[in-house]
1. Among the numbered criteria (1) open to solvent by 90 Å² or more (accessible area, probe 1.4 Å); (2) closer than 24 Å to residue 135 by Cα; (3) within 18 Å of the chain's Cα centre (by Cα), which one does residue 175 miss?
2. Return yes when residue 220 is hydrophobic (A, V, I, L, M, F, W, C) and either surrounded by 12 or more Cβ atoms within 10 Å (Cβ to Cβ) or touching a Ser or Thr at 6+ places or on another chain (Cβ under 7 Å) (or both) and no when it is not.
3. Among the numbered conditions (1) over 27 Å from residue 209 (Cβ atoms); (2) open to solvent by 60 Å² or more (accessible area, probe 1.4 Å); (3) among the charged types (D, E, K, R), tell me where residue 63 comes up short.
4. Could you list all residues from segment 1-15 that are of a type outside the set (A, V, I, L, M, F, W, C) and surrounded by fewer than 22 Cβ atoms within 10 Å (Cβ to Cβ)?
5. Looking at (1) away from the ligand (no atom under 16 Å from the Cβ); (2) modelled with pLDDT of 95 or more, find the lone condition where residue 176 falls short.
6. Report yes if residue 81 is open to solvent by 50 Å² or more (accessible area, probe 1.4 Å) and over 21 Å from residue 206 (Cα atoms), otherwise no.
7. Within segment 119-129, identify whether any single residue is assigned to a loop (DSSP other than H, G, I, E, B), within 14 Å of the ligand (Cβ to nearest atom), hydroxyl-bearing (Ser, Thr, Tyr) and touching a helix residue (DSSP H, G or I) at 6+ places or on another chain (Cβ under 8 Å), and answer yes or no.
8. Taking residue 199 as meeting all but one of (1) surrounded by 12 or more Cβ atoms within 10 Å (Cβ to Cβ); (2) free of Cβ contacts under 8 Å to residues at least 60 places away in the same chain, write down the number of the exception.
Amino acid sequence: MASFIVLLGAPGAGKGTQAEILAKRTGLPHISSGDIFRENLKKQTELGKLAQKYMSKGELVPDDVTIAMIKERLSRPDCAKGAILDGFPRTPAQAKALDEMLAELGGKVVAVPFIKVPEEELVDRLSGRLVCKANGHIFHKKYNPPKVPGICDYDGSELYQREDDKPEVVRNRIRVYLEQTAPLIDFYRARGLLVEIDGNQPIEKVTEDLWNALPDEVKAQ
Ligand code: AMP
């Protein structure tokens with residue numbers, strides 16, 4: 001049975017950074033709904049143009065569009081053993097749809113680490129975040145700087161600031177998270193899958209806590 005990890009946490013909590021590390025360690029693919037939307041935008045697909053209308057304002061892309069996109073992604077062969085999900089599900093309807101897709105695909109959610117960071121930290125983290133143009137690798141001006149300013153350590157591509165990391169949009173993203181995504185914390189807690197992780201620690205320490213929270217079947221991949 002394929003094992004899926006759902007990373008929960010506010011924008012800026014460190015889901016993307018940690019998902020990337022956990023994906024390398026477990027061999028499972030890192031699937032970020034935000035990255036898929038940004039890829040589509042870069043390629044100017046219809047999906048990308050539609051998503052942009054919502055992303056630029058810090059709103060969520062409608063559930064039906066997002067669910068169809070993730071369903072297609074999870075049905076690819078690289079997800080046969082499972083995946084690390086970053087940014088999906090983000091609403092109760094998406095969480096229900098995820099269960100249905102996984103039932104069809106022969107998989108299940110095995111752990112839901114919730115990376116907790118105080119709200120006042122989030123704006124600081126998001127406004128200093130830098131992302132690489134080629135592959136979406138994540139850095140931070142202060143907390144996780146690249147070796148050479150403005151250049152990705154991993155692939156040498158240019159780093160940029162996401163449009164939606166600008167302060168006016170950040171505040172709306174946090175509001176949307178509290179209203180639409182935070183209810184998933186109780187949803188997964190009720191199912192015994194939630195593990196709270198203190199995200200207000202150095203990156204390596206958060207990784208260690210996350211690793212300890214993963215079930216053995218995932219670590220052994
Ligand atoms: P992220 O990279 O996870 O911060 O996502 C960036 C933006 O993509 C969000 O602010 C939303 O506009 C959109 N997005 C990403 N994931 C989802 C999702 N699961 N449901 C709806 N919109 C999403």
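1. Residue 175 satisfies all of (1) open to solvent by 90 Å² or more (accessible area, probe 1.4 Å); (2) closer than 24 Å to residue 135 by Cα; (3) within 18 Å of the chain's Cα centre (by Cα) except (2).
2. Working: hydrophobic (A, V, I, L, M, F, W, C): yes; either surrounded by 12 or more Cβ atoms within 10 Å (Cβ to Cβ) or touching a Ser or Thr at 6+ places or on another chain (Cβ under 7 Å) (or both): no.
Judged against the criteria, residue 220 is not a match.
3. (2)
4. Filtering segment 1-15 down to residues of a type outside the set (A, V, I, L, M, F, W, C) leaves 3, 9, 11-12, 14-15.
Once the filter is applied, which keeps residues that are of a type outside the set (A, V, I, L, M, F, W, C) and surrounded by fewer than 22 Cβ atoms within 10 Å (Cβ to Cβ), segment 1-15 yields only 3.
5. Among (1) away from the ligand (no atom under 16 Å from the Cβ); (2) modelled with pLDDT of 95 or more, residue 176 violates only (1).
6. Answer is yes for this residue.
7. So in segment 119-129, the residues assigned to a loop (DSSP other than H, G, I, E, B) come out as 128.
Checking which are within 14 Å of the ligand (Cβ to nearest atom) leaves us with none.
No.
8. Every listed condition holds for residue 199 apart from (2).
The values are calculated or read from the model by the stated rules, or taken from the named source; none is laboratory data. Just so we're clear, the structure is a prediction, and the values are computed from it rather than from any experiment. A quick note on method: Cβ atoms are made from the backbone with ideal geometry, for glycine too, and the neighbour counts reach across all protein chains shown. Just the protein is used for accessible areas: all its heavy atoms, side chains included, with ligands, DNA and RNA removed. Shrake-Rupley method; radii C 1.70, N 1.55, O 1.52, S 1.80 Å.
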